[in-house]
Structures are given as C-alpha cells and as structure tokens.
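I have placed the structure first, in the form of structure tokens, so that the comments after it can refer back to it.
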Amino acid sequence: MYNVRDNVQASLGHFRMENYWFRYSNFVPRLFNWCIELGFEPGKIMPSRAFCSDESQGYPVILLAKHFGIFPFNHGQVGGIMACDRHGPHAHHGKDLVIVHSSHVGYDPETMTFGSYRRIQTANHRCSSNCGKIHATLEWYLREYEFASQNIFVDMRADHCRLTLDNQYLSRSRERSLVLHLEKMVEHQHDGEMLPIAMQSTSRTFMATTTFFQHMRWFFNAGSGKQPIGDALLPEYFTYHTSLREDTDGSRQLEQNLIGAMPWIVTSSEPMLTAAQANTQAEFDRAYRSISQDKAYRGRNLLYIAGLHVDISPSPEQAFVLTKFIPWAAFVQLKNGERYVLEQEALFARLQACNTDNPQQLGLDAAIQMMEDEEEIHLHLPY
C-alpha cells in the first residue's frame, strides 16, 4: 500500500482519531442496526472477527456475540492480520455476512501514552506491550533508528554544513539495514561520486547538500561543533532495506504491511499507535481486494468494516478492558449487486446515525442458564 514514499505521511494523516471513536458497547449495536437497515435478515447473520489473539480483544468478541446472537467466526491472526483463506468457511456458516477487522493498541490513562496495557491477571498487574506482535516487529527498526540518530553527526557552519556518517551507511552489502537517502544529504560530484573531506577509522565526513544545510539550520546553530543528528533524522532522509521473500506462510504479513511506512513509524512520538494505524490501513486495502473477488461471497449480503481498537488499561476492579473502536473504512456488498466503499468520515457518520438500541440482543446470562437447565444428553459412542 505504501509503495509511493512521498504519499505515506499523507495517507497516515488521513486516519483521524480525535472525536472519531465509539465505545464498543455503542459501536456493536449500531453495526447490527446498520446491517438490518441494509436488508440483512436478523438471526441469519454470521459475524466474523479478524482480531489479534490477545486477551484484551475478548470484550469486543463478547459484544459481537451478544448483539448478533452467535459467537463470531474467526478470521484473525496474531497482530491484527486477516486470514484471507478463511472466506469460504465463513460464507458457508451464514446467510448474510459481517466481518469486523481491527488492529489494536494499548492506552494507559495515567500516563496518557499508547502502546502498553495493564495485565490484571498477572501477579502484580504488570503492564506490557500491546499489541505484542507489533512491538516485536518494531524492535529492530527502532534500534536501528536510535543507532543512526546517535552516529550521524552534523557540524553546522555559517555558510555550509558538514556531515559525518558511520561507515555502515556507505555500504550496500548489509542484508538488513537502515539506508540513507544520500542523494539528499551529501554533495555529489558531477560523475556521481561522493568525495569525503575527512576520513576516520569508522566514519567519513562529507560536505552536505545546500538543501540539507538549509533544512538543518532549523535544528542546529552554527559554530556549535559536531553533534548527533538525533530527532533531525526525519523520514525523508532514510528508508529500510530488508528481505521478506522468505515469508511463505504469512507470518510476516504485519511487517510487509508496515515496511513502507516504517520511517514515519519510528520517528513518531507514539510508534505503537502509528504502526497500528498503518496496519489497519494496509490490511483493509489488502483484505478488501480478497473479499470483493472471492467467489464464496458472490451474490451475498456482506459488510466488511475495519478500524482500530484502543485498549484502555482496566483498573484492578474492572473485569474487562474499556475498548474504543475508531472506524477506518467499510466495504458493502448487497445481493442485488450494489457494491461500494465508505471512507472514514462517511463511515463514522453512517454509524453515528444508527440506533444504539437493539431489542434482539441476546441475554448472555439467560442463554447460559438455559443451557445449564437443559436435560442431560447422553453420548452414544461407537463400539
């Protein structure tokens, strides 16, 4: 999705969050009532969830079961990736079909930061990364960026800038690395060569381009000497080189979704949040194409909606996480042949217009008690 580098920031910026969220207890009945308005038949709707396997995603699953009257089918893989090979079984299990996909990120209301979640089942209510798969995927990229920000040096002068680069950023032999856009940073000769003005044992010093010099004047004062570039190493100056060709089972789909946006993720003030947003966007783009072309869904009523789960850490007194849903996009397909995509603003308005009252919701306690009160059924096993 993020194959046009200059458009990545614009794409991420289109994911609006503030005042675009629903409490999950409001979102699911709105979703159900929208389905009814679209002509879906109550009691014949098979929901499916494409969530991470994290326990923090359990509350949304319970609410989907409560309002749709059936435990949802599972389209989800770790990291909020959709298993696109499960469309056929999902379509086989219901007359009308709903898929809710979401990446997720934790939120600590005490520190007002994203990316961690309080695990109330641990001995000391320990906070840990959330989503753990996203955190594990980002670790190497964040380390590489931190090293680069401390090992690239800017020496600002009155009329020019000198740039000292660790030798690894001048080599193309590393199989996995942070790669600088040297054409934007270092002055090249007419023949394309970069000639160092000084050589050290582990680095080289170059004359910076005029554009880079002008840009760095916002961050560094002339005469301050050689300083690490730090946060001034902006996404426009680097990318990452890595090989995902060995991904034959889909286990690195999350990394594939994020790699194009990674420079913006690692430089974000909230990398876990930005990564979850990027994954939601990329995964909707990928899964929409799979769902809209799958033969199993042809001629059926189908609603596919994607968004972001924000998992607000529960207090020790709370049984479940307080989850907010931020919608991103939806694909609607009706059995009469009508098909369309709703973008975020229109999707939010459509959900907001739906009623939060669902008289057909299932009373879970009563349903469980009914099963408890049923007469015992003996299993007649083969001899």
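The values are calculated or read from the model by the stated rules, or taken from the named source; none is laboratory data. Predicted model, so just to flag it, every value in this text is computed and none were measured. Positions of Cβ are generated from backbone atoms using ideal geometry, with glycine treated the same way; all protein chains shown enter the neighbour counts. These area figures cover heavy atoms from the full protein model, side chains too; ligands, DNA and RNA do not enter into them. Shrake-Rupley method; radii C 1.70, N 1.55, O 1.52, S 1.80 Å.
Annotations for the structure displayed:
- Remark: segment 93-167 carries 43 Å² of accessible area per residue (probe radius 1.4 Å; ligands, DNA and RNA excluded).
- Rolling a 1.4 Å probe across the protein heavy atoms gives segment 5-52 an accessible surface of 46 Å² per residue.
- Burial ranking of peptide ranges 25-32, 227-234 (average Cβ count within 10 Å, highest at the top): 25-32, 227-234
- Amide H contacts of Trp328 (H built 1.01 Å from N, under 5 Å, at least 5 apart or other chain): Ala306, Gly307, Leu308
- Heavy-atom accessible area order for Lys44, Lys184, largest first, 1.4 Å probe: Lys44, Lys184
- In the chain, helices alone account for a calculated mean residue ellipticity at 222 nm of -9500 deg cm²/dmol, with every DSSP H run of four or more residues adding -39,500 (n - 2.57).
- Counting DSSP beta bridges with both ends in the chain, the antiparallel % (nearest 5): 70 percent
- Amide H contacts under 5 Å for Cys161, placed H, 5+ residues apart: Ala208
- When the charge dipole of segment 26-166 is built from unit charges on Cβ atoms (+1 for Lys and Arg, -1 for Asp and Glu) and taken about the Cα centre, the candidate among Phe71, Thr113, Ile99 whose Cα reaches farthest toward its positive end is Phe71.
- In segment 1-134, the portion of solvent-accessible area held by carbon and sulfur atoms comes to 50 percent [1.4 Å probe, whole percent, DNA, RNA and ligands not counted].
- Accessible surface, per residue, of segment 302-383 when the full set of protein chains is kept, probe 1.4 Å, Å²: 63 Å²
- Remark on Tyr240: its backbone amide H falls under 5 Å from those of Val179, a criterion applied only to residues 5 or more positions apart or on other chains, H modelled at 1.01 Å from N.
- Excluding the site residues themselves, the longest part of the chain lacking any GluC sites (Glu not before Pro) in a DSSP loop with at most 13 other Cβ atoms within 10 Å is 19-109.
- For the residues Trp218, Trp328, Trp140, a GNM of the chain with alpha-carbon springs under 10 Å puts the largest fluctuation on Trp218.
- The per residue volume of the convex hull around the alpha-carbon atoms of segment 272-363 is 156 Å³.
- FRET E, pair Thr210, Arg143, Förster distance 41 Å, beta-carbon r, rounded to 0.05: 0.80
- Computing FRET efficiency as 1/(1 + (r/R0)^6) for Gln361 and Ser315, where r is the C-beta to C-beta distance and R0 is 30 Å, gives about 0.70.
- Spatially proximal aspartates and glutamates relative to Lys66 (Cα-Cα < 15 Å; intrachain offsets below 8 disregarded): Asp357, Asp365
- Pairwise FRET efficiency - Glu55 versus Met370, Cβ, R0 = 30 Å, nearest 0.05: 0.65
- Segment 136-195: C-alpha gyration tensor shape, a/c 1.5 cut-off, then a/b vs b/c: oblate
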